[in-house]
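Have a look at the structure below, then the notes.
Derivation of every value follows stated rules applied to the coordinates shown; laboratory data play no part. Quick caveat, the model's predicted, so the values are computed rather than measured. Please note: Cβ atoms are built from the backbone with ideal geometry, for glycine as well, and neighbour counts cover all protein chains shown.
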Amino acid sequence: MEYLTPEKKLELENELNTLKTIRRKEIADALEYAKSLGDLSENAEYHQAREDQANCEDRINHLEMILKNAVITTGKHKAGVVEVGVVVTVNKKGEKSDREFTLVGSEEADSLTGKISNESPLGIALLGKMKGDVVKVTTPKGESVYTIKAVA
C-alpha cells in the first residue's frame, strides 16, 4: 500500500499519461528509424531504443501499480497521533535543536525537504506514537533515541 498526497497522485497521473502518449510514440519512432538502418545485431540505435522501451514500460507498470493501490491522504488525522501526512517535531538524544519531518509515503520521501517515508526506520518507529513518546531507531550507524516534541 502506498500513501500519496492528492498533489503527488496528480503528478504521477500526469507522468503516466505522458509516458503512455508521448514517450511511447517517441520510442516507436526511434525503433522504426533504427530498423531502417539495417543489421539489427550490431545496431546501437536499435538496442538503445529497445532498452528505452523496456524502461518506459517498466515505469508505466510501476506507476499503474502505485496508483491502483494508493491511499490518498486527506489531511484529517487523529489528534496528536503520528501517521502519514502529519508534521512531527522530534529531538534526537544528544542534539540541542529539534528536527521537523513530514511523514509521507515512499514515493514522496525527500530528506532534503524534510519528508521521510513511513517505511524508513524513523518513520516506522514514529507511526502511532504521540507527543512525549520516546522512540528508539536502529540504523546502520547504530541506535538513536528520539523524543516526540509535537505532532501537527
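Here is how the numbers come out for the structure above:
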| quantity | calculated |
| --- | --- |
| Residue pairs meeting the criteria (Cβ under 7 Å; at least 6 apart or on separate chains; first of a type in the set (Asp, Glu), in region 56-68; second part of a helix (DSSP H, G or I)) | Glu64/Leu16 |
| In region 1-35, residue surrounded by the fewest Cβ atoms within 10 Å (Cβ to Cβ) [restricted to those that are of a type in the set (S, T, N, Q) and either within 15 Å of Cys56 (Cβ to Cβ) or in contact with a strand residue (DSSP E or B) (Cβ under 6 Å, 6 or more places away or on another chain) (or both)] | Thr21 |
| Residue in region 101-144 that is nearest to Ala70 (Cα to Cα), counting only those that are charged (D, E, K, R) and assigned to a loop (DSSP other than H, G, I, E, B) | Glu107 |
| For Leu40: the one exception among (1) within 19 Å of the chain's Cα centre (by Cα); (2) farther than 30 Å from Lys129 by Cα; (3) among the aliphatic types (A, V, I, L, M) | (1) |
| Within region 101-130, tally of residues that are without any contact (Cβ under 8 Å) to a residue 40 or more places away in the chain and closer than 23 Å to Lys78 by Cα | 15 |
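This table checks each residue for (1) more than 18 Å from Leu4 (Cβ to Cβ); (2) in contact with a Phe, Trp or Tyr (Cβ under 7 Å, 6 or more places away or on another chain).
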residue	(1), (2)
Cys56	yes, no
Glu64	no, no
Lys68	no, no
Val84	no, yes
Asn118	no, yes
Pro121	yes, no
Ile124	yes, no
Val145	yes, no
Lys149	yes, no
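Every residue, every condition in (1) under 19 Å from the mean Cα position of the chain (by Cα); (2) within 30 Å of Thr102 (Cα to Cα), yes or no:
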position	(1), (2)
Lys35	no, no
Tyr46	no, no
Ala49	no, no
Gln53	no, no
Glu57	yes, no
Glu64	yes, yes
Ala70	yes, yes
Gly80	no, yes
Lys92	no, yes
